[in-house]
Amino acid sequence: MTDTQTRQQEQRHLTEVIQQIKQAEQKLQTSIATAKSDMQNIDQTFGDDVHVGLGDDGISMAGALSIHQQQQMLAERNNAWQRSQQQLNVLKKLEDNPYFARIDFRELPAGKEETIYIGLGSFTDQHDHFLVYDWRAPISSIYYDGDLGRITYQTPDGEQAVDVFLKRQFIIKHGQIQTLYDTQETIGDQMLLEVLNEKSSTKMKSIVTTIQQEQNQIIRDTDSDLLFVQGAAGSGKTSAIMQRVAYLLYRYRKKLTSGQVLLFSPNMLFNDYVSQVLPEMGEQNMVQMTYSQYVARRLPHLQLESLQAQFETVLDHQQAQVLHLVIGLTFFQLETQYAKILATGGVFFRDISFRQRVLISKSKIAEIYYSFGPQYKLGNRIDATQNALLKLLNQRINSEMRKKWVQETIQSLSQEQLQALYDHPDQEFKSGAAEEKFLARKIVVAALQPVARKIHRYNFINISASYRQFLKAIPQLVDLKQFAITEQQWQAYVQQFEQQLAQKQISLANISPYLYLYDLITGHHGDLSMKFVFVDEIQDYTPFQLAYLKYNFPRARYTLLGDLNQAILVKDNAPSLLHEIARLFAAEKTRVVQLTHSYRSTKQITEFTKHLLVSGEKIVPFNRPGELPTIQITASSSQLLAAVIQQLKVNKQSSYASAIITRDLVAAQQVQQQLQQQSVPTTLIKSENQRLAAGDLVIPAYLAKGLEFDAVIMWDASAGVFDSQERQLIYTMASRAMHRLSIFALRQLDPIIAQVPAQYSRRIE
Ligand SMILES: Nc1ncnc2c1ncn2[C@@H]1O[C@H](COP(=O)(O)OP(=O)(O)OP(=O)(O)O)[C@@H](O)[C@H]1O
């Protein structure tokens, strides 16, 4: 067959499939219309384009949504009508672009020839014959996993071998074939090149048509309890997460809901950035939050150190040593062991007060708590204490009823309020005294309600005193010398913690051990319903945090993704992180995957950025040609500004949106102001609670994490701006660029950038 004939034939097939899809759509629409009239309310509350946690009035709203709330919202949307609506949405997408690949194969040893088409979702005709296979169906993996010839894939009944003799890829737009390629390779480079050449957008896209073999391993892994993915910048880690969630929702449909999948993301901007990927694939978003949100939500009265402060805090050597202990796995284990000691002492309590009087004193509570024998576990002990306290509270009702305030309250009530207290109108009493007693009891019980609620919520535990006690006990629990810390240094740390707490502040390093102690005392078992937990940018987590996450979601399987070369918050700790995490999981259930290919940037940019690293040689650029990154060193600040303005213009001419990335927030604010004075409009991204805007941005490095831009302008990469520890920060900034990277410095270039061999960049004089 000639190329033209092939194309015509494929177009005919396409048109035929689209026709059938349209018919199916009509049918579904009719049945939805009927169901819809029954379910008006749900329709209004949970419209299909409500993305979880991302209301139109700003992302900050999502900050208030707890995991539980997000889960509920997702569950409620999971009703039959919503599912039909979802199906319809998938059909609408298929109508435009039903499939992106065709595979011809024969099942081995002796099957007959078959042709299948693969698309975003499955579609069958009236006879249940598959016209399009979902990309997540078992058979579809042969598209991603191998070349032509013998390939095996996993079916529910075990491994199946096939002989593949045609692999065809399509680019279809609005029902028309734009391009088709027959390919020998796993996924043709040409198709990938077309996709990667596209312009950036404020929302991440799905990569379903061009998933690479090494990425497919991650997406379809169902065996590991811990899947650890180390991948270079731009290697598709985040993309793989999104595809993996979609895959898991398909693979375990009916057993797994999107409310049982949780993604910890680096910041809220990132949540917004990835918010469209799953809906685009016809799936609901999973629960998403940042680690800070997760922990801070539990301590609303304390102020948690901000992302900016965390990034900008500079520690001296001694402080860093101490911190090293506090964020480590050893500390987690120490605390776990410490819980055993708590059965004999070390838990502190608060007085239970009522109307400015102590009702049950802390010493009384301690006496009750420690009256239970050693056989009581901490969780049981606190519950037994709670019961005893509630009983005591009950006993107080009678004596309280005789108090003056009760009489005064009764007298102050209006007739209406009084009536409301009776069990029913015209309630009879033996005597006036009996009636008075009845009313007094009602008043007292109502007034004690908040006290009972506090007891139910364990408000009688003094967690800060208990935690302080734990910190003070540390020198007895561990040999500080092993951590190169003196006892004095440790005391200084404890003192600093106390001072912060007195001001109602807590650092990110302390909040997790603080909460963990509370959990141990209360016997909190974590969220057993969460089945999959994803953590992106794992290099910015501490081993303690990861151990604590595992404690909180004990039944979940974990996918942890990161790039140890991009550790910008937890400096120094990255190399040992993998080692420490591995200790939390059984070795046979742990899988480590390395992604070495980098797709985001042009070959020239990746070649340049990998030389910023000490051992970046393992990074393999994708062969997408572009310009060399440029470096321009100016003699004065005004020249620097003028050069950047010029670069913005040049980028605009190439239809590139630019991101000016600065080292920190102060620099970003200054740049934006200077640009404003020159009437150059840019959007300053200064907080993670903002949304990404189209057009040119100014953004500090720690907020640019995980994002990408057509053109990156690295602002002020002059000597002295970055310290020698900030190689990874520079790498993160530069590796955000997809098509163009321009570096600007004042007078002298930063030494880390200066040591990149000259052939990888172009100097502009
Ligand atoms: N298989 C693929 N097909 C098409 N595009 C891809 C593929 N893999 C990755 N990309 C593209 O490469 C870019 C980088 O991907 P992604 O953001 O997932 O990488 P990452 O590893 O999370 O990067 P970083 O660690 O630097 O944030 C994105 O634009 C993504 O769409």
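No value in this document is a laboratory result; all are computed from the given coordinates. Just so it is clear, the model here is predicted, and its values are computed rather than measured. Neighbour counts are summed over all protein chains in view; Cβ atoms, including those assigned to glycine, are modelled from backbone coordinates with ideal geometry.
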Next item on the list: If a/c stays under 1.5 just call it rounded; otherwise compare a/b with b/c (prolate if a/b is bigger, oblate if not). Do that for the range 352-457, with a ≥ b ≥ c from the square roots of the Cα gyration tensor eigenvalues.
Entry: prolate
Next item on the list: Quickly work out the Gln20-to-Gln8 label distance, labels modelled 7 Å from Cα along the C-beta direction, and quote it in nm with one decimal.
Entry: 2.3 nm
Check: Going by a ≥ b ≥ c, the root eigenvalues of the Cα gyration tensor, does the range 626-763 fall in the rounded group (a/c under 1.5), the prolate group (a/b larger than b/c) or the oblate group?
Finding: rounded
Notebook entry, point to check: Which whole-number percent gives the relative contact order of the chain, counting Cα pairs below 8 Å spaced six or more residues apart?
Noted result: 14 percent
Note to self: In the chain, if the dipole is taken from +1 on Lys/Arg beta carbons and -1 on Asp/Glu beta carbons about the Cα centre, which of Thr522, Leu88, Gln11 is farthest to the positive end?
What the structure shows: Thr522
Margin query: Can you compute the modelled spin-label distance between Ser31 and Asn689, with each label point 7 Å from Cα toward Cβ, in nm?
Written below: 4.5 nm
Notebook entry, point to check: How would you rank 669-680, 291-302, highest first, on the average number of other Cβ atoms within 10 Å across their residues?
Noted result: 291-302, 669-680
Next item on the list: Can you check what the net charge comes to around Arg762, using other residues whose Cβ is under 15 Å from the Cβ of Arg762 (Lys, Arg +1; Asp, Glu -1)?
Entry: 0
Next item on the list: Counting only C-alpha contacts under 8 Å and six or more residues apart, can you give the relative contact order of the range 626-763 as a whole percent?
Entry: 36 percent
Checklist line | Stokes-Einstein diffusion coefficient of the chain, Kirkwood radius over Cα pairs, 25 °C, 0.890 mPa s, in µm²/s | finding: 82 µm²/s
Margin query: What do you get for trypsin sites (Lys or Arg not before Pro) in the range 453-494 restricted to DSSP loop and a cutoff of at most 14 other Cβ within 10 Å of the site's Cβ?
Written below: Arg457
Next item on the list: Mind ranking 495-504, 92-101 by how tightly packed they are, going by the mean number of other C-beta atoms within 10 angstrom, highest first?
Entry: 92-101, 495-504
Item checked: Proximal charge balance of Glu107 [Cβ under 14 Å; K/R count +1, D/E count -1] -> -3
Notebook entry, point to check: When you count, for each residue, the other Cβ atoms within 10 Å and take the mean per peptide, how do 229-237, 608-616 rank with the highest first?
Noted result: 229-237, 608-616
Item checked: Label-point gap, in nm, between Ser654 and Ala433 - each point 7 angstrom along Cα→Cβ -> 9.5 nm
Checklist line | Rounded to 5, the percent of DSSP beta bridges in the chain classed as antiparallel | finding: 40 percent
Check: What does the charge dipole of the range 603-670 about its Cα centre add up to, to the nearest 20 debye, if the Cβ of each Lys and Arg holds +1 and the Cβ of each Asp and Glu holds -1?
Finding: 160 debye
Checklist line | Computed lengthening from Asn459 to Gln676, 0.36 nm per intervening residue step minus Cα-Cα distance | finding: 73.0 nm
Note to self: With the cut-off at 1.5 for a/c, could you classify the range 470-596 from its C-alpha gyration tensor as rounded, prolate or oblate?
What the structure shows: prolate
Item checked: Neighbourhood charge, 11 Å Cβ-Cβ cut-off, centred on Ile368 and excluding it, Lys, Arg +1 and Asp, Glu -1 -> +3
